[in-house]
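S.K.: Shown below is the structure under consideration.
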Amino acid sequence: MAAAWPELEAAARERRRELALQGAAVAERVAAGGGRLPAELLALPLLQSLELSGCAALKELGPGLAAALPALHTLVLSGNALGPAGLGAGLGGPLPALRLLDLSGNGLEALPAELGGAGPSEEGGEAAAFPQLRSLNLSGNRLRELGPGLARAAPQLRELLLSGNRLRALPGALLPPADAAPFPLLGRLEAADNEVEELSPDIAALPALKSLDVANNRLSALPAALADCPRLKEANLRGNPLRDRRLEKMVNGCQTRAVLEYLRSKGRAEGGREENRRRKREKQQKKDGGDGERDEAEEVGKLLLKVLHVGDNPAPMVVRASPGVRDVRPYIVCCVLRGVQLRPGNAVRRFLSAQTKLHEDICEKRTAATIATHDLQLVKGPLTYSVQPPAELKITPLGRKEIRAKDLLRQLQMEAEEQRKQKKRQNVSGLHKYLQLLDGKDNYPCLVDAEGAVISFPPITNSEKTKIRKTTRDLFLEVTSDTSLQICKDVMDALILKIAELNRFTMENKEEGSGSDDEPDALCGAENVKPSQSAQQPLVVEQVRVVDMDGNLKVLYPSKTDLAAAPSLLTVIR
């Protein structure tokens with residue numbers, strides 16, 4: 001008699017979108033079913049997120065997973081026993097909505113056919129099996145090589161985790177020779193604790209690579225082409241038997257910038273190939289292409305972004321970070337942006353919509369980072385980034401009255417439950433979908449102005465006190481994260497570039513009237529700004545220092561390495 005699965009019965013009855021199966025009881029039932037997924041699981045077509053991890057009894061998926069669960073955007077199958085033949089039949093077909101796939105901690109010796117492994121899916125058709133896949137975790141398996149089929153199967157991949165395998169070369173055969181720009185969005189590549197003996201110059205063919213980890217391998221040398229990765233900012237190269245002692249010292253000191261400069265100069269000394277690499281790098285960075293004359297014409301039409309350094313600013317903004325944020329939400333990056341145009345037509349609506357899209361995309365639904373934008377004229381500095389107990393933190397959220405954080409979250413939770421009942425589904429919208437990000441926190445992060453008012457409560461909401469309006473011309477921008485400082489900087493880069501694009505669009509497309517009847521500032525002011533005049537004025541981004549309570553610098557944005565990947569829209573004047 002087949003074992004009962006009460007979790008699956010409840011998921012079907014409640015039409016759930018998310019399901020996690022873990023624990024000894026699950027393992028026992030899987031073992032009783034022959035080490036395969038239960039058939040009842042394949043009768044849940046509404047599932048968008050599935051996790052079945054830590055189950056040593058799970059040895060194969062069985063047929064039909066992809067066809068039965070077409071809406072999956074997250075699939076976590078870590079710490080099971082899927083290998084070496086557990087994915088021999090693959091996933092059963094493509095998963096067009098899948099954004100995250102975690103197959104770590106299994107015994108895989110080869111990729112599934114749909115991911116470019118050997119099999120019919122590698123040759124069948126031109127459509128990518130995983131067109132939306134952003135993150136692929138293959139750590140802790142037995143992979144010896146990755147074929148070029150992965151680039152075709154997952155063209156939008158941004159994160160590839162390969163640590164703890166048996167790889168001998170990197171990128172190796174991962175890059176298809178016929179593709180001019182494979183993995184155009186891959187920003188993070190981890191391959192620590194493998195058997196890599198060669199890091200080939202082809203690594204420079206990854207135009208978006210920002211973070212590389214090849215620690216604890218067998219590298220005796222590093223290619224000069226590593227310095228040609230146009231966006232590389234973090235490289236963990238420790239634990240390799242490098243022959244160059246000077247290079248080894250820089251590597252062990254985690255001096256990524258010094259390592260890249262050293263490799264660059266060493267490459268020039270070797271001669272011959274530097275010019276070709278430079279041309280290739282410039283070609284990758286010019287996404288729109290074109291000859292010299294076209295580039296010169298585009299240069300004239302660029303929007304200027306001028307950086308005002310702290311030393312040249314008579315009244316620079318400063319943010320003090322208290323020690324308490326270290327255990328709650330430790331990373332914050334801020335800057336001031338002057339000269340935005342929000343008065344015409346739907347400019348404010350486009351601005352807010354763009355911020356929402358960044359939260360969904362690069363911020364990964366606020367799990368990686370959170371953006372806050374403020375009207376600079378309403379921000380009273382200096383600011384303090386601190387933590388407060390939920391019962392003491394008071395804020396006036398956007399569109400609401402002043403309330404304690406504890407009561408706000410309780411109120412939002414009640415609204416979420418009511419929303420679920422009314423719409424008869426599990427998904428909720430607005431602030432309600434971010435409530436779980438503060439689960440288990442004894443203190444909540446907040447940004448406090450010089451008057452003691454909380455102007456930001458990440459990752460939940462801003463304050464009505466510093467709300468963006470149609471009359472706003474100067475912005476205070478804030479990005480926080482509990483993940484890493486680099487994520488904060490990447491998000492801030494993207495935010496500034498997006499605002500620049502919107503500013504240009506507003507100036508080039510004159511609009512009449514207001515785009516929203518319910519915007520409180522829709523009727524504020526009547527002055528006209530001539531696009532031709534405003535377009536000639538550069539946006540000015542002012543550096544903001546984040547310091548500790550003793551005044552020691554923690555982070556300065558933008559630094560010389562920030563905004564380095566600006567597209568053809570911008571010319572950054574430093």
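The values are calculated or read from the model by the stated rules, or taken from the named source; none is laboratory data. These numbers were taken from a predicted model, which means no experiment stands behind them. A quick note on method: Cβ atoms are made from the backbone with ideal geometry, for glycine too, and the neighbour counts reach across all protein chains shown. When the accessible area is computed, the model is the full protein with side chains, heavy atoms only, and any ligands, DNA or RNA have been set aside. Shrake-Rupley method; radii C 1.70, N 1.55, O 1.52, S 1.80 Å.
S.K.: Label Asp244 and Arg144 with points 7 Å out from Cα along Cα→Cβ: what is the distance between them in nm?
M.R.: Each label point is offset 7 Å from its Cα along the Cβ direction, giving 3.1 nm.
S.K.: On to the next question. Work out, step by step, the length gained on full extension between Arg349 and Glu364: first 0.36 nm times the residue separation, then minus their alpha carbon distance; give nm to one decimal.
M.R.: Numbers: separation 15, 0.36 × 15 = 5.40 nm, distance 2.15 nm.
In short, 3.3 nm is gained.
S.K.: Further question: Going by accessible area, probe 1.4 Å, with all protein chains left in place, what is the ranking of Thr561, Thr384, largest first?
M.R.: So, going from the largest accessible area down, we get Thr561, Thr384.
S.K.: Another one. Taking R0 as 41 Å, what FRET efficiency do you get between Gln156 and Glu392 from their Cβ-Cβ distance, rounded to the nearest 0.05? Each step should come with its number before you reach the end.
M.R.: On the way: r = 44 Å, r/R0 = 1.06.
Result of the calculation: an efficiency of 0.40.
S.K.: Let me ask something else about it. Could you tell me what percent of the accessible area of the range 310-371 is made up of carbon and sulfur, with a 1.4 Å probe and every protein chain present?
M.R.: On the way: 1380 of 2660 Å².
The nonpolar share, carbon plus sulfur, comes to 52 percent.
S.K.: Sorted by average packing, counted as other Cβ atoms within 10 angstrom per residue and highest first, what order do 109-116, 189-196, 343-350 take?
M.R.: 109-116, 189-196, 343-350
S.K.: Would you kindly state how much longer the chain becomes between Ser265 and Ser220 on full extension, computed as 0.36 nm times their sequence separation minus their alpha carbon distance, in nm to one decimal?
M.R.: Fully extending the segment from Ser265 to Ser220 adds 14.3 nm.
S.K.: While we're looking at this one, here's another question. What nm value, rounded to one decimal, do you get for the distance between Glu198 and Ala258 when each label is placed 7 Å out toward the C-beta?
M.R.: 3.0
S.K.: Here's another thing I want to ask about it. Please give the peptides 395-401, 476-482, 157-163 ranked by average Cβ packing (other Cβ atoms within 10 Å per residue), highest first, as a rough proxy for protection.
M.R.: 476-482, 157-163, 395-401
S.K.: Distance check, please: which entries in Lys365/Lys394; Lys394/Lys421; Lys467/Lys489; Lys421/Lys467; Lys421/Lys465 exceed 26 angstrom between their Cα atoms?
M.R.: Table pairs above 26 Å Cα-Cα are Lys394/Lys421; Lys421/Lys467; Lys421/Lys465.
S.K.: Same structure again: Can you list residues whose amide H is under 5 Å from Glu195's amide H, if they're 5+ apart or on another chain and H is modeled 1.01 Å from N?
M.R.: Leu167
S.K.: With a cut-off of 8 Å between alpha carbons and a minimum separation of six or more residues, what is the relative contact order of the range 345-484 in percent?
M.R.: It rounds to 38 percent for the range 345-484.
S.K.: Could you do me a favour and compute the accessible area per residue for the range 309-350, 1.4 Å probe, result in Å²?
M.R.: 42
S.K.: Further, regarding this structure: Around Phe476, under 14 Å between beta carbons, what's the net of Lys plus Arg minus Asp minus Glu among the other residues?
M.R.: My count for the surroundings of Phe476 gives +2.
S.K.: How far apart, in nm, are two points set 7 Å out from the Cα along the Cα-to-Cβ line at Leu308 and at Gln422?
M.R.: The answer from the label model is 4.4 nm.
S.K.: Can you give the FRET efficiency to the nearest 0.05 for Lys441 and Ala127, using r as the Cβ-Cβ distance and R₀ = 51 Å?
M.R.: Once rounded, the FRET efficiency stands at 0.75.
S.K.: Same structure, new question: Efficiency by 1/(1 + (r/R0)^6): what FRET value for Thr571 and Arg15, r their Cβ-Cβ distance, R0 = 41 Å, to the nearest 0.05?
M.R.: 0.20
S.K.: Could you sort 307-318, 443-454 so that the peptide with the highest average Cβ count within 10 Å comes first and the rest follow in order? Let's see the in-between values first.
M.R.: Numbers: 307-318: 12.8, 443-454: 19.2.
So the peptides 307-318, 443-454, ranked by packing, come out 443-454, 307-318.
S.K.: Compute the Rg/Rh shape ratio of the range 212-268: radius of gyration over Kirkwood radius, all on alpha-carbon atoms. Don't jump to the answer; show the numbers that get you there.
M.R.: On the way: Rg = 10.1 Å, Rh = 11.1 Å.
On the Cα set of the range 212-268, Rg over Rh gives 0.91.
S.K.: Ignoring ligands, DNA and RNA, what percent of the accessible area of the range 375-416 is carbon or sulfur (1.4 Å)?
M.R.: 51
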